Amino acid sequence: MAVVTPLDHIRNFSIIAHIDHGKSTLADRILERTGTVAPRDMKEQLLDKMDLERERGITIKSQAVRIAYAARDGQTYQLNLIDTPGHVDFTYEVSRSLAACEGAVLLVDATQGVEAQTVANAYLAVDNDLEIIPVLNKIDLPASDVPEAEMELHELTGATHDEILTISAKTGEGVDEVLEAVVQRTPPPEGDPTAPPRALIFDSEYDQYRGVIAYVRVVDGHFDRRQLVTLMSTGQGAEIEELGSFGPGMTPAERLETGEVGYIITGVKDVAQVRVGDTITDRRRPAGEALPGYKVVHPMVFTGLFPTEGDKFEELRDALEKLKLNDAALLYEPESSVALGFGFRCGFLGLLHMDIVRERLEREYGLELITTMPNVEYHAHLTGGGMAVVRNPAQMPEANSIERVEEPYVTASILVPSQFVGTIMELCQGRRADFVDMKYLSPERVEMHYRLPLAEIVLDFFDQLKTRTRGYASLDYDYSGYRASDLVKLDVLLAGEPVDALSLIIPRESAHQRGKALVTKLRQKIPRQLFEVPVQAAIGNKVVARETVKAVRKDVTAKCYGGDISRKRKLLEKQKEGKKRMKQLGVVEVPQEAFLAVLELEPGAKGR
Amino acid sequence: MHGGETPRPPFDGPVRHVYVHVPFCRARCDYCAFASVAVGGGGSATDVPRLFDAYVEGVAAEWERERAAHDVRRLRTLYLGGGTPSLLGPDRLERLLTVFRPHLTPQAEVTVEVNPEDAGTEFAAWAAGARRSPGSGALRGVRISLGVQSFLPELRAALGRTAQADPRAAFDRLRAAGVASIGLDLIHGIPGQTPELLAGDIATVLDLRPDHVSWYELDVSEGTALARRLARAEGTAGGGRRAAPVAALADDVRAAGYRRLVRALSRAGYDWYEVSNFARPGHKARHNLACWRARPYLGLGPGAVSTVGARRWTNSADPRAWAAALAAGRRPTRSVEELDDATRARERLLLAARCGEPVPLEAVSAVVDPDALAASAGAGLVSVRGGTLRVTRKGRHVADGLCVRLFRAPRLRG
Ligand SMILES: Nc1nc2c(ncn2[C@@H]2O[C@H](COP(=O)(O)OP(=O)(O)O)[C@@H](O)[C@H]2O)c(=O)[nH]1
Ligand code: SF4
Ligand SMILES: [Mg+2]
């Protein structure tokens, strides 16, 4: 325990890959072959801790593990494997995880070749000065095309044939070579053991008994138990109650040395105080400068979450509070809707983040939720000066008080087999996307760049991309600031009353078509009422689409004498009970299914 | 009106209305879901006379028991329903009436349900003068409710009504005998009843000018022969050796037929005073109105329902067991339902909705959702004026849905 590993025997690395290219499988093999985990404790994909992660096959939170590896040179090395989240929503977390490493295994499925996240992750690794170890995986599969994938990897990283490893994470073939390459090619950490201590927080986790657990990489100096420390972005002081490494479970130690990866527990209870990217230093001998790259991530996608049963509001709040403990990026504030009752407007890093939160609320907290159409954050610049931040379409100021509306744009990178170039151009044209450039990774694969509104991605861009390219296209994107657009607020009116939960902010040119689709669907899903109900879509006072829900002509039983009365009354009471899930909108009763159907019409609202 | 007076809780107060259930029919109709037993040709089978006699004795005994058990005043209405009361014949009906006669007010309404095959001249004569008691002066007959169902034999056949008597002739005999108030009982929405056939029945009704019309939409109750037949019709879209049964009418055809007959009768001077009931001036069925106004009433006979105050009970339907209990001096078996205040208030509302009776708001405010009330008033389904709620004629067409809407959500109930 007290044995100190010299700096030059430490290797900090991660595995980066497009989803499903085999990152978790490779991590499992490594843990197995190095005896880090006894085979009987080996669960499939050990690093993916949450049920949801294991099920979806994606990593949501980073994890880390310390591995003792007896290399072929006869030396034993301390390898710290840091797993990274594998999705564009969590790009910032990925970049911080990579900042904690010196090397990265860039894993590519040889049956698929380089994909959008491969590229994005490779650039992130390069930006963080990491040594990249290119590895082709799944060579056991007959469908693997090693030469083609090798060419793409070469194109991307400049790696030569000899530098590219070929493995099967499944059978274990070539995995030892990966470990050797990590030891031989990854530089050891370079920190200064004598400098004032600095540790990078690359992840944090909330534990209900112990408070926040910070996942750290010690860059300079060392940290001891009981040491008084400061979080540099906030100046928040704390005392280290426990620290240690991951073996893979938390293994307490007395000290974390320069270059090591481990965890630090202070008494801090709030993850927002222990933000990813922040620097921990010594309180009495503080570092002059924080580690670079710290930023607070902001949610980009917003949606209203409402319990289907009105009395579950408190439960929803408690659940969000608990999730927030572990998810500094999650934002929520109470919101009330005439249509859906009391709920929360929630902010997420992206659609996946949203899906994950929603799914956890439903699964872990047993809540049934209605999710409104996700939207981005609009900036409405007002004629009288000033700007309104609009995270809920219902909050959009009156059209005549708005000088212009800006919306967030992204730069999207789309990787496709070259025969789909035309398809992509066509799709992008309908999505308000500006072409930036295009580059051939190989004769068969193209990387295209577009600038387009994030709202288009939130709508259904990704689904369309996948559908139209039969699943061959992959997408990655980066935020690129706000730009003005010709946007309007489309309201849906039932019997003349706007239904706040269904308002949308959309490009003016699609208002008619979207309005038509909305009112048609609503008309179909709203049962006949006791009186006729007009269903309209309108921009301000201008109705752009209209349908009518017909009135019930007759709803009364013919006979009601003596004994019929009880029967009748019970029947009506039962029907009333059955209407619990009806929402009362002014004079109109709308079944929840109608909302769900309309919300589903908006493809972005569904998980992927 | 009811200014300042506390509204009387539904079904509270002394009993002034009695319903007598006569649970016998010649044969069961295919659509029947009433408490009734088939006794064949009526009176001829050996034990039927004894059954009928025991029944009349039973009613007399039950009446004595119930009269002692409740605050019963002189009766304003007496209703002999069924089943087929006319099957008892004038003599037994007279015996029954004798039991009640001393307890009726002078203006009491007495109604007897009659099937056309029983409405011979003898019966008609009894009906016209049945209330003439020695020394009573006034000559007032009973009110007759004649079970027509349809004037068209093929539609009656579609209902499984086998008796061939012509309802028109029965009506004429009753009128000729001088029965002062005759109501016709009809059904619409019968399988095979095209709009033209319905128009024919409407024309006949207007031609006869009965004093009262009850015109019910056919209710296909589960478990009836008709329900099975219609289910078969759905299964066999033509073909097969047997003639395919006629299928049920579509909902909108039935709804249109209903509107049509409401319109026609209203135009002809009938007051559409309840969902299925129409009356010429002075001929509303006071007994049924009392029920819809949530007045307390006693039901006698097998299967009869009573509601007094917070309690509703239903006699067991078996005529023999019922008669045996009473003969032995015991109370017949009954199932009891206790009605709490909210339940009674809801019933008050649902009954009032059917006939447009005004209801003091305070009598139902505990069970009515104010937002729904406002919305419904805005849509012209109810009117609220001077602390009184009244369901409009427009609202009556959707009275059930309206009540569901008006009821306070169960969770919010106090
Ligand atoms: N045949 C084969 N399948 C593999 C290999 N590596 C991973 N897989 C499979 O590919 C799928 C995705 O792997 P996973 O490790 O979850 O990918 P991740 O999303 O990058 O973590 C799983 O079904 C794995 O079993 C391999 O070398 N050969
Ligand atoms: S006459 Fe009336 S009670 Fe008797 S079987 Fe026919 S429908 Fe039923
Ligand atoms: Mg994985």
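With the requirement that a residue be within 17 Å of A:Leu330 (Cβ to Cβ) and modelled with pLDDT under 95, what does region A:360-390 give you? Don't jump to the end; show me each part of the working.
The first filter runs over region A:360-390 and keeps only residues within 17 Å of A:Leu330 (Cβ to Cβ), leaving A:360-365, A:367, A:369, A:371-372, A:374-377.
Those that are within 17 Å of A:Leu330 (Cβ to Cβ) and modelled with pLDDT under 95: A:Arg360, A:Leu361, A:Glu362, A:Arg363, A:Glu364, A:Tyr365, A:Leu367, A:Leu369, A:Thr371, A:Thr372, A:Pro374, A:Asn375.
Looking for something of a type in the set (Gly, Ala, Ser), modelled with pLDDT of 90 or more and touching a Ser or Thr at 6+ places or on another chain (Cβ under 9 Å) - is there at least one such residue anywhere in region A:437-456? Don't jump to the end; show me each part of the working.
Within region A:437-456, the first condition is being of a type in the set (Gly, Ala, Ser), and the residues that meet it are A:442, A:455.
With modelled with pLDDT of 90 or more added as a condition, the list becomes A:455.
Next cut, touching a Ser or Thr at 6+ places or on another chain (Cβ under 9 Å) only: A:455.
The answer is yes; a qualifying residue exists.
Just the residues that are touching a strand residue (DSSP E or B) at 6+ places or on another chain (Cβ under 7 Å) and not in a loop (DSSP other than H, G, I, E, B), please, taken from region A:157-179.
Scanning region A:157-179 gives A:Thr157, A:Glu163, A:Leu165, A:Thr166, A:Glu177, A:Val178, A:Leu179.
Of the numbered conditions (1) small (Gly, Ala, Ser); (2) touching a helix residue (DSSP H, G or I) at 6+ places or on another chain (Cβ under 7 Å); (3) part of a strand (DSSP E or B), A:Gly262 satisfies every one except a single condition; which is it?
Result: A:Gly262 passes all but (2).
Mind listing just one residue for me: the one in region A:124-141 that is open to solvent by less than 10 Å² (accessible area, probe 1.4 Å) and more than 22 Å from A:Val416 (Cβ to Cβ) and, of those, modelled with the lowest pLDDT? Lay out the reasoning, then the answer.
Within region A:124-141, the subset open to solvent by less than 10 Å² (accessible area, probe 1.4 Å) is A:125, A:133-137.
Next, from what is left, pick out any that are more than 22 Å from A:Val416 (Cβ to Cβ): A:125, A:133, A:135.
On the way: A:Ala125: 90, A:Ile133: 97, A:Val135: 97.
For region A:124-141, the residue satisfying everything is A:Ala125.
Could you list, in sequence order, all residues of region A:289-324 that are surrounded by 17 or more Cβ atoms within 10 Å (Cβ to Cβ) and of a type in the set (Lys, Arg)?
A:Lys312, A:Lys324
Condition first: at pLDDT below 95, in a loop (DSSP other than H, G, I, E, B) and more than 16 Å from ligand 2 (Cβ to nearest atom). Can you find one or more residues in region B:50-61 that meet it?
no
Considering each of A:Pro498, A:Pro507, A:Pro453 in turn, give the residue that is under 25 Å from A:Leu305 (Cβ atoms), touching a strand residue (DSSP E or B) at 6+ places or on another chain (Cβ under 9 Å) and open to solvent by less than 20 Å² (accessible area, probe 1.4 Å).
On the way: A:Pro498 fails: open to solvent by less than 20 Å² (accessible area, probe 1.4 Å); A:Pro507 fails: under 25 Å from A:Leu305 (Cβ atoms).
Going through A:Pro498, A:Pro507, A:Pro453 in turn, just one is under 25 Å from A:Leu305 (Cβ atoms), touching a strand residue (DSSP E or B) at 6+ places or on another chain (Cβ under 9 Å) and open to solvent by less than 20 Å² (accessible area, probe 1.4 Å): A:Pro453.
Just to be sure, is A:Pro527 in a strand (DSSP E or B) and surrounded by fewer than 18 Cβ atoms within 10 Å (Cβ to Cβ)?
Values: in a strand (DSSP E or B): no; surrounded by fewer than 18 Cβ atoms within 10 Å (Cβ to Cβ): yes.
Answer is no for this residue.
Could you pull out the residue among A:Pro147, A:Pro134 that is free of Cβ contacts under 8 Å to residues at least 40 places away in the same chain and under 15 Å from A:Leu26 (Cβ atoms)?
A:Pro134
Do any residues in region B:154-168 that are without any contact (Cβ under 8 Å) to a residue 40 or more places away in the chain and in the same structural domain as B:Asp219 (by TED's automatic domain parsing) have Cβ atoms under 9 Å from those of residues that are in a helix (DSSP H, G or I) and more than 10 Å from ligand 2 (Cβ to nearest atom), where the two are at least six apart or on different chains, and which pairs are they?
Going by the 9 Å Cβ cut-off, the qualifying pairs are B:Glu154/B:Leu197; B:Arg156/B:Pro167.
Residues being more than 7 Å from chain A (Cβ to nearest Cβ), in contact with a Leu (Cβ under 8 Å, 6 or more places away or on another chain) and assigned to a helix (DSSP H, G or I): count how many of those fall in region B:377-414.
The total comes to 3.
Check A:Glu377 against each of (1) in contact with a Phe, Trp or Tyr (Cβ under 6 Å, 6 or more places away or on another chain); (2) surrounded by 19 or more Cβ atoms within 10 Å (Cβ to Cβ) and name the one condition it does not meet.
All conditions are met except number (1).
Checking the structure you have, find out if any residue of region B:235-249 is within 14 Å of another protein chain (Cβ to nearest Cβ) and either touching a residue at least 24 places away in the same chain (Cβ under 8 Å) or loosely packed, with under 14 Cβ neighbours inside 10 Å (or both).
yes
Given (1) under 30 Å from B:Glu57 (Cβ atoms); (2) in contact (Cβ under 8 Å) with a residue 12 or more places away in the chain, where does B:Thr98 come up short, assuming only one miss?
(2)
Out of everything in region A:539-573 that is part of a helix (DSSP H, G or I) and within 9 Å of chain B (Cβ to nearest Cβ), what residue ends up being most open to solvent (accessible area, probe 1.4 Å)?
Let us first name the residues in region A:539-573 that are part of a helix (DSSP H, G or I), namely A:564-573.
Among the residues that remain, those that are also within 9 Å of chain B (Cβ to nearest Cβ) are: A:564-566, A:568-569, A:571-573.
Values: A:Asp564: 38, A:Ile565: 0, A:Ser566: 11, A:Lys568: 15, A:Arg569: 11, A:Leu571: 81, A:Leu572: 2, A:Glu573: 42 Å².
It comes out as A:Leu571.
Being of a type in the set (Gly, Ala, Ser) and closer than 19 Å to A:Arg217 by Cβ, is that true of even one residue in region A:150-164? Spell out the reasoning first.
In the first step, residues of region A:150-164 are kept if they are of a type in the set (Gly, Ala, Ser); the result is A:158-159.
Adding the requirement that they be closer than 19 Å to A:Arg217 by Cβ leaves none.
For region A:150-164, residues of a type in the set (Gly, Ala, Ser) and closer than 19 Å to A:Arg217 by Cβ: absent.
Got at least one residue in region A:124-135 being within 16 Å of ligand 3 (Cβ to nearest atom), more than 25 Å from the chain's Cα centre (by Cα) and outside any helix (DSSP H, G or I)? Please lay out each step first, then the result.
The first filter runs over region A:124-135 and keeps only residues within 16 Å of ligand 3 (Cβ to nearest atom), leaving A:135.
Okay, now just the ones that are also more than 25 Å from the chain's Cα centre (by Cα), so A:135.
Narrowing the set further to residues that are outside any helix (DSSP H, G or I) leaves A:135.
Yes: one or more hits.
Going by the structure shown, is A:Glu180 over 19 Å from A:Ser97 (Cα atoms) and not hydroxyl-bearing (Ser, Thr, Tyr)? Talk me through it step by step, then tell me what you get.
Working: over 19 Å from A:Ser97 (Cα atoms): yes; not hydroxyl-bearing (Ser, Thr, Tyr): yes.
Here the answer is yes, as A:Glu180 does meet what is asked.
Out of (1) in contact with a strand residue (DSSP E or B) (Cβ under 7 Å, 6 or more places away or on another chain); (2) away from chain A (no Cβ under 14 Å); (3) more than 17 Å from B:Val142 (Cβ to Cβ); (4) within 11 Å of ligand 2 (Cβ to nearest atom), what's the single condition that is false for B:Thr84?
Checking B:Thr84 against (1) in contact with a strand residue (DSSP E or B) (Cβ under 7 Å, 6 or more places away or on another chain); (2) away from chain A (no Cβ under 14 Å); (3) more than 17 Å from B:Val142 (Cβ to Cβ); (4) within 11 Å of ligand 2 (Cβ to nearest atom), the one that fails is (3).
Can you list the helices (runs of 4 or more DSSP H) found entirely within region B:245-333 that contain at least 1 residues being within 22 Å of B:Ile202 (Cα to Cα) and among the charged types (D, E, K, R)?
Values: elements: B:251-267, B:286-292, B:319-327.
By residue number, B:251-267.
Of all residues in region B:282-318, count the ones that are open to solvent by 10 Å² or more (accessible area, probe 1.4 Å), within 12 Å of another protein chain (Cβ to nearest Cβ) and among the hydroxyl-bearing types (Ser, Thr, Tyr).
Residues flagged as open to solvent by 10 Å² or more (accessible area, probe 1.4 Å), within 12 Å of another protein chain (Cβ to nearest Cβ) and among the hydroxyl-bearing types (Ser, Thr, Tyr) within region B:282-318 amount to 2.
Which residues, counting only those in region A:510-520, are touching a residue at least 12 places away in the same chain (Cβ under 8 Å) and either touching a Lys or Arg at 6+ places or on another chain (Cβ under 6 Å) or open to solvent by 60 Å² or more (accessible area, probe 1.4 Å) (or both)? Break it down into steps so the answer makes sense when it comes.
Looking only at region A:510-520, we keep the residues that are touching a residue at least 12 places away in the same chain (Cβ under 8 Å), and these are A:511-512, A:514-520.
If the condition is that a residue be touching a residue at least 12 places away in the same chain (Cβ under 8 Å) and either touching a Lys or Arg at 6+ places or on another chain (Cβ under 6 Å) or open to solvent by 60 Å² or more (accessible area, probe 1.4 Å) (or both), then A:His512, A:Lys516 are the ones that fit.
The values are calculated or read from the model by the stated rules, or taken from the named source; none is laboratory data. What you see is a predicted model; the values in this text were computed from it and never measured. Counting neighbours? That spans all protein chains shown, and the Cβs are built from the backbone with ideal geometry, glycine included. For the accessible areas, the whole protein counts, side chains as well, though only heavy atoms, and no ligand, DNA or RNA atoms are used. Shrake-Rupley method; radii C 1.70, N 1.55, O 1.52, S 1.80 Å.
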